[in-house]
Amino acid sequence: MLTIQKPLQPEWEGITPESYPKGMVLSLNKPYGWTSADVVRKIKFLLQRQWNLKNLKVGHAGTLDPLATGILLICIGKATKAVESLQAQEKEYIASIRLGATTPCFDLEKEIDQTYPYAHITEESVQKALASMIGPQDQMPPQFSAKIVDGARAYEWARSGVQTALNPASIEIYEATMLQYKLPDMVVRIRCSKGTYIRAFARDLGLALQSGAHLTDLVRSQNGPFTLDQSLAMEDVEKIFGQK
């Protein structure tokens, strides 16, 4: 299996499905505003045109929300069989969190729906709350999530105004370190297991501090051995696969 990261390998012009029969994995820095499915469709289109193929499997390992950026692993060809193992890897996020307000999806995709007091919060209380969130736990996914409920995504039900019954997921937070703090905003580095919703982490942090919270920015900075500084921008992908 070929892994394509920065610096671009000198032989990239010779990449074909035949030359890498076990498939390829692209470590991509997902653009802001794109869904993970948008990225898959774009790359599949480029590859089908480049290689003159109609049937080509392309998938991703681990969904990123539209307003998040960072590492999205794109699996091509037979590498799609590795999606599950790639998704299972430990992940690291850099989360910008604002206290004192929530949105229905706990990020900026929706407008603020409720405000809360936050003047009582101190840096010490935040540190204690972060420490209390480390370890194995059952995390309730947000209503705006990709969980399948009655044949549709939970976020599809939520956007139509329907509240769905979601089940908590077993996850683990390995690290929650505050990098910046200026009330009501903070930046937190989070290392966690697969299946962790960082929007739910922000929600639970707000509750632990007797307030509310939501994400204002989110970057997936590491996925297993894949690091952000080695990931390709979409412009890199265009250079590799955008010309015949």
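We did not get these values from a lab; they are worked out from the coordinates using the rules stated. Computed from a predicted model, the values in this text were never measured in an experiment. FYI the Cβ positions are ideal-geometry reconstructions off the backbone, even for glycines, and counts take in every protein chain you see.
List of remarks:
- Summarising the label geometry, the points placed 7 Å from Cα in the beta-carbon direction at Met140 and Asp38 lie 3.0 nm from one another.
- For segment 50-78, backbone nitrogen atoms closer than 17 Å to the point 7 Å from Thr16 Cα along Cα-to-C-beta are found at 50-56, 77-78.
- Comparing Leu56, Leu47, Leu130 in a Gaussian network model of the chain (Cα springs below 10 Å), the most mobile by mean-square fluctuation is Leu56.
- Between Leu207 and Glu238, the distance separating the two model label sites (each 7 Å from Cα on the Cα→Cβ line) works out to 4.3 nm.
- Cα lying deepest toward the dipole's positive end in the chain, options Gln114, Ile240, Ala213, charges on Cβ: Ile240
- Segment 210-243 versus segment 37-51: alpha-carbon centroid distance in Å: 18 Å
- Rounded to whole Hz, the Karplus (6.51, -1.76, 1.60) HN-Hα couplings of segment 75-87, x for glycine and proline: 9, 10, x, 5, 5, 4, 5, 8, 4, 4, 5, 5, 5
- Mean separation of Cα contacts under 8 Å (6+ apart) over length of the chain, as relative contact order %: 27 percent
- Using the Karplus relation 6.51 cos²θ - 1.76 cosθ + 1.60 with θ = phi - 60°, the per-residue 3J(HN,Hα) values for segment 187-202 come to 10, 10, 8, 10, 10, 8, 7, 4, x, 7, 9, 6, 5, 5, 4, 4 Hz, with x marking Gly and Pro.
- When Leu232, Leu215 are sorted by how many other C-beta atoms sit within 10 angstrom of their C-beta, beginning with the fewest, the order is Leu232, Leu215.
- Given charges at beta-carbon only (K, R positive; D, E negative), |dipole| of segment 21-96 in Debye: 540 debye
- Protection proxy ranking of 181-189, 28-36, by the mean of other Cβ atoms within 10 Å over each peptide's residues and highest first, is 28-36, 181-189.
- When DSSP beta bridges are restricted to pairs lying wholly in segment 1-84, around 80% turn out antiparallel.
- Annotation: peptides 84-94, 217-227, 194-204, ranked by per-residue average of other Cβ atoms within 10 Å with the highest first, follow the order 194-204, 217-227, 84-94.
- Each Lys and Arg Cβ is given +1 and each Asp and Glu Cβ -1; about its Cα centre, the chain then shows a dipole of about 780 debye.
- Label point distance in nm, Thr63-Tyr174, each placed 7 Å from Cα along Cα→Cβ: 2.4 nm
- Of all aspartates and glutamates in the structure, the ones whose alpha carbon falls short of 20 Å from that of Lys194, not counting any fewer than 8 places away in one chain, are Asp65, Glu84, Glu90, Glu92, Asp107, Asp138, Glu172, Glu175, Asp204, Asp217.
- For Rg and Dmax of the Cα atoms in Å, calculated from these coordinates, the label among (1) 19.0, 65; (2) 19.4, 62; (3) 17.8, 58: (2)
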